[in-house]
1. If you rank 183, 123 by how much accessible surface each has, with a 1.4 Å probe, what is the order from largest down?
2. Can you give the FRET efficiency to the nearest 0.05 for residue 159 and residue 13, using r as the Cβ-Cβ distance and R₀ = 45 Å?
3. Among the listed pairs 130/249; 65/249; 72/162; 65/244; 125/182; 13/73, which are separated by more than 28 Å between their Cα atoms?
4. Give me the extension gain from residue 266 to residue 67: residue separation times 0.36 nm, minus the current Cα-Cα distance, reported in nm with one decimal.
5. Roll a 1.4 Å probe over the protein heavy atoms and report the accessible area of residue 49 in Å², nearest 10.
6. Report the per residue volume, in Å³, of the convex hull enclosing the C-alpha atoms of the stretch 46-118.
7. So how far apart, in nm, are the two label points at residue 275 and residue 60 if each is 7 Å from Cα heading toward Cβ?
8. Take the Cα atoms of the stretch 155-199, find their three principal axes, and give me the spread along each one in whole Å, biggest first.
Amino acid sequence: MSTAPSGQSQETKGAIELTLAMVLSGTLGVFVVESGTSPFNVVFFRCLFGTIALGLYCLARGFFKNHAFTPKKLGLAALGGVFIVFNWAFLFESYEGTSISVATVVYHTQPFYVMLLGALLFRDKLTVAKFAWLGIAFVGLILVAGVSVSDLTGGGDSDYLKGLGYALLAAVLYAASTVVTKRVTGVRPHLVALVQLVLGIFLLLPFTTLSETADLGADWGWLVGLGVIHTCVMYVLMYSSYQKLPTPKIAVLAFVYPAVAMLADWAVYGHSVSLLQALGIPLIVAASLGINLGWSLRGKAAAAAAPAPAPRPTTENKTANETETETAAGGTR
């Protein structure tokens with residue numbers, strides 16, 4: 001007689017799936033750099049190969065039946081897609097001016113922009129604790145950026161400053177996509193992601209220089225990998241894991257992504273952060289967890305007095321960007 005899997009075994013499976021997804025995500029920067037083509041070309045082919053792979057997966061699983069899209073939901077998904085594909089382009093551009101390590105950590109300030117945009121556009125409540133975590137994250141960002149006064153007065157590396165700017169812009173665009181597409185409810189996240197990938201093909205075609213790809217040769221494998229591995233496989237693992245894991249575990253495991261990205265950057269390119277920059281990383285991590293998990297800076301007494309959080313929705317009711325927000329501890333793809 002067969003028995004249903006226990007809750008603990010399901011959670012363990014979910015933890016393994018999410019860890020694998022975050023490990024894959026952490027190697028994304030290496031695939032981008034090794035492809036040897038421009039950021040817009042990379043994003044275009046990620047969308048193209050990702051559409052093929054994810055589309056076939058959705059077809060095989062029967063997700064196109066009863067898709068639950070309405071014109072409004074489709075429009076919101078598409079608008080979020082505009083932000084998300086340009087977010088990829090600017091993130092990949094930032095690797096060239098800074099490094100995969102620095103760009104990834106700076107990019108992980110996304111949850112704070114989500115919070116600010118929510119307050120600005122939808123009047124979401126900003127508590128004293130959230131402002132405090134935002135301040136801590138800002139200090140961490142300054143340390144990680146490693147920008148000195150001479151950099152700001154024109155005596156530093158302009159390419160490095162430009163790279164930091166691209167990473168911050170990518171984070172803001174991701175936050176905008178999150179705020180928009182979180183209004184898409186009742187649609188499988190795989191389908192929302194597929195809409196955004198299809199849109200990205202047409203949106204980025206005018207910015208793509210196809211002639212650059214004529215001599216790629218074996219480097220085509222990196223581009224195919226970005227679409228199949230870092231889009232289809234990674235998303236399938238993530239969306240499956242969210243059905244099995246509580247929010248705190250998702251938030252913690254999400255930081256496997258930047259850890260692997262920094263390790264890969266060091267192992268492949270010899271890039272590492274300075275001691276001063278390293279001091280800023282735990283501040284950003286703590287602030288991200290504090291925002292996402294509702295931590296209070298006043299101690300356990302305040303936390304105990306707080307109302308219990310609402311039940312976490314299942315993946316069925318989340319959009320692609322809501323689930324990705326969790327993967328970045330509140331804010332990626």
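1. Values: 183 95, 123 215 Å².
From most accessible down to least: 123, 183.
2. Working: r = 44 Å, r/R0 = 0.98.
Calculated transfer efficiency: 0.55.
3. Pairs exceeding the cut-off: 65/249; 72/162; 13/73.
4. Values: separation 199, 0.36 × 199 = 71.64 nm, distance 4.28 nm.
Going from the current span to full extension adds 67.4 nm.
5. 50 Å²
6. Details: hull volume 9.8 nm³, N = 73.
Measuring per residue, one finds 134 Å³ for the Cα hull of the stretch 46-118.
7. Output for this residue pair reads 5.1 nm.
8. 52, 20, 12
The values are calculated or read from the model by the stated rules, or taken from the named source; none is laboratory data. Keep in mind it's a predicted model, so treat the numbers as computed, not measured. Every residue, glycine among them, receives a Cβ derived from its backbone with ideal geometry; neighbour counts consider all protein chains shown. Just the protein is used for accessible areas: all its heavy atoms, side chains included, with ligands, DNA and RNA removed. Shrake-Rupley method; radii C 1.70, N 1.55, O 1.52, S 1.80 Å.
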